[in-house]
Amino acid sequence: MAKELSGAGLRGQVAGKTALSTVGQTGSGLTYRGYDVKDLAANCVFEEVAYLILKGELPTQTQLDEYKASLKSMRALPEALKTVLEQIPATAHPMDVMRTGCSMLGNLETEESFDAQQQVTDRMLAVFPGMINYWYNFSHNSKRVNVETDADSIAEQFLWTLHDEKPSELHVQVMQASLILYAEHEFNASTFTARVCASTLSDMHSCVTGAIGSLRGPLHGGANEAAMELIENMTSPEQAEEQIMGMLARKDKIMGFGHAIYRESDPRNAVIKEWSEKLAQKNGDTNLYDVSVRCEAVMWREKKLFCNADFFHASAYNYMGIPTKLFTPIFVCSRLTGWAAHVMEQRADNRIIRPSADYVGVEPREVGPISAR
Ligand code: COA
């Protein structure tokens with residue numbers, strides 16, 4: 001029994017308690033502290049949801065204004081961090097840049113005690129969008145972009161520091177929804193990584209750095225980039241169908257589809273799909289959206305597999321002019337809230353996480369003389 005479980009990715013095992021979210025249990029399928037994610041995405045900005053996840057309740061208007069102002073005041077990048085970012089080549093994977101940037105920040109502004117956990121989290125929330133875009137613009141466009149912008153929100157800050165200009169209202173709205181959808185997701189791989197690290201009583205930057213490493217993989221956060229690589233060369237819905245059928249025949253995995261917990265749909269998909277359609281119409285060229293819709297239909301018809309949160313994020317981000325390689329770092333800027341809240345929750349009722357393994361190796365034996373090997 002134990003062997004089967006360890007080979008099955010711990011699926012279905014309850015590995016701890018959380019008051020932060022439910023997945024596949026109530027409402028549309030995803031709730032943060034009792035609120036349905038669709039409700040939050042329709043009515044809130046990301047900072048409200050971050051506040052909810054990190055502090056337990058939605059903020060009042062005054063609390064929200066103060067929180068946003070405080071985050072805004074923390075956007076500056078330390079000079080030493082800029083120096084490190086400037087050393088990282090354009091060929092680096094942006095998730096490696098996130099990992100190094102987070103770790104460097106931890107060297108410069110170490111969490112000296114758990115009393116500082118909210119403060120170091122807020123600092124990372126404020127810094128991460130500018131950090132990745134500072135590196136991107138320096139390494140790709142030889143430009144030291146100003147990260148202390150007038151952007152009113154983290155959503156706007158990301159787009160502003162990427163393109164070095166104030167983004168449109170529509171694009172900011174889409175980013176708000178996107179950041180809300182990605183903010184928290186119970187015991188997913190990266191969050192579990194953060195919790196395991198927290199359970200050793202490690203510092204917040206180590207927990208987040210480890211989580212970034214887990215999120216990097218294509219079976220987790222990297223799926224939105226992989227989905228973009230799939231759809232970007234699809235020229236028409238007909239050609240998309242042909243391509244997907246060929247991939248299914250070859251038993252290829254199609255990124256952006258399926259989920260470890262959801263069985264019939266991912267509630268985040270409907271929200272981002274709607275935004276992707278709006279962006280397509282605004283853009284005037286709807287091909288990316290149209291091929292995505294066809295992929296969705298074919299996957300459901302052939303395999304009863306549905307789009308997860310990542311699939312329509314690919315077209316949505318592309319319509320906003322976001323380079324594919326920056327898709328997963330946006331996920332980091334958002335999921336940081338979930339990771340940090342889980343670290344705080346783990347710390348509040350901690351026991352080191354240390355499961356056992358079912359041994360399947362050779363029988364006990366003795367070393368003997370080296371000449372006998
Ligand atoms: N493309 C093709 N086949 C898929 C698939 C996909 N995206 N997702 C699942 N399947 C297949 C599996 O290979 C499996 O087939 P098998 O029984 O013949 O081996 C079957 O569907 C059931 O898989 P399931 O148990 O539901 O998946 P899982 O829990 O092992 O894995 C994922 C979940 C998310 C890792 C998996 O669906 C996947 O790799 N998706 C693509 C990556 C992705 O989009 N990740 C982001 C998740 S938010």
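So here's what we get for this one:
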read-out: Qualifying positions in region 200-216 - touching a residue at least 24 places away in the same chain (Cβ under 8 Å) and either within 16 Å of the ligand (Cβ to nearest atom) or part of a helix (DSSP H, G or I) (or both); value: MET204, HIS205, SER206, CYS207, VAL208, THR209, ALA211, ILE212, GLY213, SER214, LEU215, ARG216
read-out: Pairs with Cβ under 6 Å, 6+ apart, first in region 244-260 and at positive phi, second near the ligand (Cβ under 6 Å from one of its atoms); value: GLY256/ALA223; GLY256/ASP310; GLY258/LEU305
read-out: Breaking point among (1) free of Cβ contacts under 8 Å to residues at least 24 places away in the same chain; (2) in a helix (DSSP H, G or I); (3) away from the ligand (no atom under 16 Å from the Cβ), for THR193; value: (3)
read-out: Residue that is nearest to LEU336 (Cα to Cα), among those in region 217-234 that are in contact with a Phe, Trp or Tyr (Cβ under 7 Å, 6 or more places away or on another chain) and within 11 Å of the ligand (Cβ to nearest atom); value: GLY221
read-out: Condition broken by GLY24, with the remaining ones in (1) without any contact (Cβ under 8 Å) to a residue 60 or more places away in the chain; (2) at positive phi satisfied; value: (1)
read-out: Matching residues, region 337-355, being of a type in the set (Gly, Ala, Ser) and in contact (Cβ under 8 Å) with a residue 12 or more places away in the chain; value: GLY338, ALA340, ALA341
read-out: Index of the failed condition, LEU10 passing every other in (1) within 30 Å of ALA357 (Cβ to Cβ); (2) surrounded by fewer than 19 Cβ atoms within 10 Å (Cβ to Cβ); (3) in contact (Cβ under 8 Å) with a residue 40 or more places away in the chain; (4) of a type outside the set (Ser, Thr, Tyr); value: (3)
read-out: Some residue of region 23-35 being surrounded by 17 or more Cβ atoms within 10 Å (Cβ to Cβ) and part of a loop (DSSP other than H, G, I, E, B); value: yes
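Each value in this text was obtained by applying a stated rule to the coordinates, not by laboratory testing. Quick caveat, the model's predicted, so the values are computed rather than measured. All Cβ positions, glycine included, derive from the backbone under ideal geometry; neighbour counts span all protein chains shown.
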